[in-house]
Amino acid sequence: MPTTLAKQYDPQEAQHRWFSYWEERGYFNADPDPEKQSHTIMIPLPNVTGALHMGHALNGTLQDLITRWRRMQGYEALWMPGTDHAGIATQAVVERRMLEEEGLTRHDVGREALVNRIWKWKDTYESRILSQLKQLGASCDWRRTRFTLDEVCSRAVRRTFFKFFDDGLIYRGKRLVNWDTYLQTAVADDEVFREEVDGSFWTFTYPVVGSEEHISFSTTRPETMLGDTAVCVHPSDERYTHLIGQKVTIPLMDREIPIIADALLAKMDMGTGAVKVTPAHDPNDYACGLRNKLPMINILNSDGTINENGGKYSGMDRYEARQRVVEDMNAAGHYHGVEERKMELAHSDRSKTPIEPYLSDQWFVKMDDLAQAAMDAVSDGRVRFYPQRYAKTYLDWLGEKRDWCISRQLWWGHRIPIWYCDTCTEAELQQAFDDRDDVVFRRDAEDRCWLICSETDLEADCLGPGHTLTQDDDVLDTWFSSALWPHATLGWPDTQHDPPLDDAAPASDDGKNHVLDYFYPGSVLVTSRDIITLWVARMVLTGLYNMGDVPFRHVCIHPKILDGFGQTMSKSKGNGVDPMDLIDKYGTDAVRFTIASFAGETQDVRLPVGYECPHCEAVIAQTLEHQTMIPAGGEKPRIDCPKCKKSSQFSSPWFDPDPGEAVARVVSERFEYGRNFCNKLWNASRFALMNLEGYQPGPVDRSELMLEDRWILSRLSRVVEDVNTYLGRYQFDAATRAIREFTWNEFCDWYLEMIKPRLRDDELRPVAQRVLVSVLDGLVRVLAPFVPFITEELWQRLNEVAPQRPVIGSEDLSPAEASDSIMTASWPEIPASLQDSGLEDRFERLQETIVAVRNVRAVYSIPPATPLKLHMRCDESAAGEIQDVSSQFENLAKTMLESVGATVERPSGAASFSLKDADGYIPLEGVIDREEELGRQQKEADKLRKFIEGHQKKLSNANFVERAPAEVVNDVRETLAGLQKQLESVELIISQLSDS
RNA sequence: GGGCGUAUAGCUCAGUUGAUUAGAGCGCACGGUUCACAUCCGUGAGGUCACAGGUUUGAGUCCUGUUACGCCCACCA
């Protein structure tokens, strides 16, 4: 009995079933196999802060596509999963929650308790993210899942830090950081956003010492006056040259500071031309301070209040101090007005509070040699970017060789493995650590204390009584651990054992890490362009440093998904789209297929979305207002459906809808592309399975193949070749288009239609069935990396009906047993010898003829069921070919081929059409409207004349004939001749129409 | 301010190294209850390839400039 498929594909059911099936059978697992070549992809580790977004969905789809493709090609393909602890992002989320729900700050609970809370958070969100990746169909080796703070990764972090330190690449220095006074932490530049606020621009004066003169300057932050250590003017500013070298008094502090000249800081045409210098609280002033060796006075406490250096203002909040400074300067007669102005102010992305520049001790990695090595790897092609232009971003950034500040004032992260001691002697240290090769120490740069770096934790009392070791409070920049991802996840620095699986000890124990040896270096990194510098560059750098080899050969940079208004999607903009909404609505395969079709090399992709009314399913287009609908307090915002007039809560990054509420989920028309494709594939397969009754495996001789068989095999061969080429270049959009076009416009629209009569014919059926099965088998394989679930479903059904399927690669399509699962099926290898351009051209003529007949039918509104007659005029060679396929005219156009040949005449009262090498006539006595037909032919003739004119113009240009390649000229001549012949035919028709 | 990118049909996007009559999906119009599929089938309309110059026998494609938009970096007392 033939297996029949349900009328519609049920994606949700199939996804659930097949994913478990694959996982249980270990199909995602990758282990070193000397018989095979390795293929490694390291996932760009998602943060454990929240849920998966569209960017992840795109990124994950592409990696899975490549991994499945390579796996089918016979590679041992590892896709390495894991998540990132994401230092500040995660800590900030947990802290914010704690404050909102319990009114507690981290200082209330303490370091250990906070870190414990974050671990709990991590467990929840990590599993949520991983399960979402699985819903996407991600064929990662889940046994190898790593987390940047786990044991394996921690060892790598410690070892790397230790090596850096030992090699003198790590130093401690001062740096002006972005200080978040609310979270009391330093914030990275990329975690700062600028926002326009109303501000004041005050002008004050400082009295010049020993003179009646005053020097005036303007500032937006008067309180920094407390920390001024100079006033600066431009060296060639004649208004001030006589004052350079003199001193002024800061009235409120009664402190004298010099007037200096610095062309880099002072701009003559800005403000008064003179500027106060506060090196400890402004980046430019800091640089100026370094150049001029100015003292640096820190006036802030970490909570944003003024410290003891602020004199009588100490203890005040900085904003209160600002007000008081203005008042006091005014009272002292040094206030010279204020101007209200808008200004851009840096804010912390996490706490949304204004940033203060703040001078602090930080740890740095020297970038000179490390950066150079990483640049070389790209310059000499050991690492290649796709598209290539992104190499520039990488090289430009590394070229600055700015030292990498790796310390963060946080509690969540890898604690810096440095211990301080300022009481012991070198001899004591030597004695204590003499037998330790995992401990090194040296004096700090300012000779204040010993810096002891250790790979393993040191006890505070390990130097014995009298000395106490204290560990540095800071943690490492998140990117420090993610930079090690490609080799850390494979177990480095342990080169003696394989890394653990499912966090259990490794099985093999022969003194080698086979996993690291086998899977490093990786094959390709798939990521988005915004972390080329932060992440990609640093992975190359540490890979070269630790492993002596690049971490991956290729870097594939894919587009970003923008919202319908062309903005990048982000939670702070409120325009995020939850891919789970889409998977729910359209199915995973549909989402994957559509996403793959987005991923080209040039443009970012706009994704207009709408909300689907849960009451009537009407779609309400998302507007910019929707994106900013934030619940202010209690009530969740709602949207109104214009169709059914009901309102509902909606899916949003801002809030979780209330339980039990009907929620308008996000939908997008664009995913119907993928859904419709799956539907088409499903139904084509359904048709095939319905027609496989009595299928018997057996060889097929070439001579038994019909035109359409040879054509579809030729096309399939070509399409597999194209897909290979496109995927090899990471042109996912092109690959998707090629495969869709083949499936829909060739396999379904033509091939299936053409073999229908043979499937009804007992004699012809066996061969038709065999070819049909073999093509469907090949098609399902090619599609598997794109749409794994539906193809597995189809594969299984095919296995029930036709477990023995012809192998297209074999000479006579001899049958072989199909594999148990599409996951273990091999990628189709179809000999290029099946490709036949001549045959494809002839087939195209057949298609054109049929389209032309259908066109006539449509123009004259002839019902599809009414039979037509066709006469074709063409040379004898074409006549034979047309004769051969005459049965298809009837099959596909309900048209009988009455006559064909060079002598065929147009019957009177016939509708006509003209092709490149043949003309067709369809007698329509009584139906045809002469005027209408005449108009139609005139229009055709005009079109042809226009083309002819263009070609003639080209050929009449002597320069073209002389200079263009002969081949091109020839082509034009041939095309012209064809067009002219065609025009003659049309003109003949016109004259006949006019005569009759 | 520096760098990179984009501008092609109503919408979303393709268009290899310059040479075919510039394409697709959606939407639109017209016609379809044929036993795979209305998530479908058939037919069709729709484009001065942002603008201005240039190179070339030939430009959607290369160069220069302009405009608009996007991203990254730097800066903004």
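Readers should treat all values here as calculations from the given coordinates under stated rules, not as data from a laboratory. As the structure is a computational prediction, the values presented were derived from the model and not from experiment. Glycine also receives a Cβ, built like all others from the backbone with ideal geometry; neighbour counts cover every protein chain displayed.
Observations on the model:
- Segment A:Glu890-A:Glu212, length gained on full extension (0.36 nm per residue, minus Cα span): 233.2 nm
- With neighbour counts taken as other beta-carbon atoms within 10 Å, the residues A:Ser482, A:Ser810 rank, fewest first, as A:Ser810, A:Ser482.
- Between 0 and 90°, nearest 10: helix A:837-859 axis offset from chain A longest Cα axis: 80 degrees
- Space enclosed by the convex hull of the alpha-carbon atoms of the stretch A:340-484, per residue, Å³: 206 Å³
- On Cα atoms only, tilt of A:588-598 relative to the major axis of chain A in degrees: 80 degrees
- Shape index of the stretch A:455-564: Rg/Rh, with Rg the Cα radius of gyration and Rh the Kirkwood radius from the inverse mean 1/r over Cα pairs, equals 1.12.
- Descending by average beta-carbon neighbour count within 10 Å, the peptides A:422-434, A:930-942, A:608-620 line up as A:608-620, A:930-942, A:422-434, the highest first.
- Computing FRET efficiency as 1/(1 + (r/R0)^6) for A:Arg702 and A:Asp368, where r is the C-beta to C-beta distance and R0 is 56 Å, gives about 0.25.
- Cut-off 11 Å between beta-carbons: net charge of the residues surrounding A:Pro608, Lys and Arg +1, Asp and Glu -1: 0
- Each Cα pair under 8 Å and six or more residues apart adds its separation to the average, and for the stretch A:853-940 the resulting relative contact order is 31 percent.
- Distance cut-off 16 Å, percentage of C-alpha pairs in the stretch A:869-996 lying past it: 67 percent
- Most tightly packed first, judged by the mean number of other beta-carbon atoms within 10 Å of their residues, the peptides A:978-988, A:897-907 read A:978-988, A:897-907.
- Taking the square roots of 5 times each eigenvalue of the Cα gyration tensor of the stretch A:135-235, largest first, gives ellipsoid semi-axes of 50, 23, 11 Å.
- For peptides A:33-39, A:242-248, sequence by mean Cβ density within 10 Å, most packed first: A:242-248, A:33-39
- Exposure proxy order (Cβ contacts within 10 Å, fewest to most) of A:Met225, A:Met629: A:Met629, A:Met225
- For chain A, taking the reciprocal of the average inverse distance between every pair of different Cα atoms yields a Kirkwood hydrodynamic radius of 34.4 Å.
- Percent RCO, i.e. relative contact order, over chain A, from Cα pairs under 8 Å lying at least 6 residues apart: 11 percent
- With 10 Å bins from 0: P(r) over the stretch A:158-287, alpha-carbon pairs, percent: 11, 33, 28, 16, 10, 2, 0
- FRET efficiency estimate (nearest 0.05) - Cβ-Cβ, A:Asp269 to A:His336, R0 22 angstrom: 0.70
- Charge dipole (the stretch A:593-661, unit charges on Cβ, about Cα centre) - positive-most of A:Trp654, A:Ala596, A:Gly634: A:Gly634
- Taking a point 7 Å from the Cα of A:Arg729 along the Cα-to-Cβ direction, the residues of the stretch A:590-619 with backbone N closer than 14 Å to it are A:600-602.
- Net length gained if the chain between A:Thr975 and A:Gln8 were fully extended (0.36 nm per residue, minus Cα distance): 343.4 nm
- Degrees separating the helix A:54-72 axis from the principal Cα axis of chain A, which is the longest one: 60 degrees
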